[in-house]
1. Tell me the angle of helix 28-52 to the major Cα principal axis of the chain, expressed in degrees between 0 and 90 and rounded to the nearest ten.
2. In degrees between 0 and 90, to the nearest 10, how far off the longest principal axis of the chain does helix 6-17 point, with axes built from Cα atoms?
3. If you build the convex hull over the alpha carbons only and average its shadow over all orientations, what do you get for the range 126-233? Give it in nm² to one decimal.
4. Helix-derived [θ] at 222 nm for the chain: sum -39500 (n - 2.57) over DSSP H runs of at least 4, divide by residue count, nearest 500?
5. I need the fraction of alpha carbon pairs in the chain separated by more than 23 Å, rounded to a whole percent.
6. Give me the distance in nm between label points sitting 7 Å out from Cα along the Cα-to-Cβ direction at residue 20 and residue 227, one decimal.
7. Relative to the longest principal axis of the C-alpha atoms of the chain, give the angle of the C-alpha long axis of helix 122-144, reported between 0 and 90° and rounded to the nearest 10°.
């Protein structure tokens, strides 16, 4: 039975209060222990996901699914050097979510799980919109399925156009879906969710409910011949 160590959350809370390179260097041992803890947790989640999604390669390792804690601050206004959360991304390319996949967010003040594709690039977005225009009723059925509704409420409204994208009628029956720029669903979790004995079973059950949505997105990309660029992988 794999759960996340509470010391990992304590480290993240301390990092949020001391987001400086000097502090981090002095706490390197704590970071290494926390990262190993998250890698083991990711491996346990991945093992379950492999049972529900055959497109995830079986040779993928938990360590390949843990996102970097170090921020690229070259063009950012916020120069804090470190993220204050751990992220677990599961796709064919591990933590590089350059296609639809699964995500686990680990932070003292915001734990959640998610699935789908966050802010796809222009070509991917176009492919998804074309599929929605052609058979949005199928996607609507997926989002309305009881299993999906048990865990998620439609798509997140993270990024939505105020008007219809170019080339689509204003009165299109699936206008609400076509105006989306991001296709993710998420479920907030209590702060201690990852310390609960049943968490490894509960997370994949939500991902299994989201898989038909991922399959719709994947199908749209396949029909359009879309593939992530080499620089993205």
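1. So the inclination is approximately 40 degrees.
2. Value to nearest ten degrees: 90.
3. Values: hull surface 34.9 nm².
Taking the Cα atoms of the range 126-233, their convex hull projects to 8.7 nm² on average.
4. On the way: 7 runs with 101 residues, N = 233.
Here the helix-only value at 222 nm equals -14000 deg cm²/dmol.
5. Details: 14004 of 27028 pairs.
Cα-Cα pairs in the chain separated by more than 23 Å: 52 percent.
6. The answer from the label model is 4.9 nm.
7. With rounding to tens, the tilt is 80 degrees.
Readers should treat all values here as calculations from the given coordinates under stated rules, not as data from a laboratory. Bear in mind the structure is a predicted one, so any value in this text is a computation, not a measurement. Cβ sites come from the backbone with ideal geometry, for glycine too, and all protein chains shown count toward neighbours.
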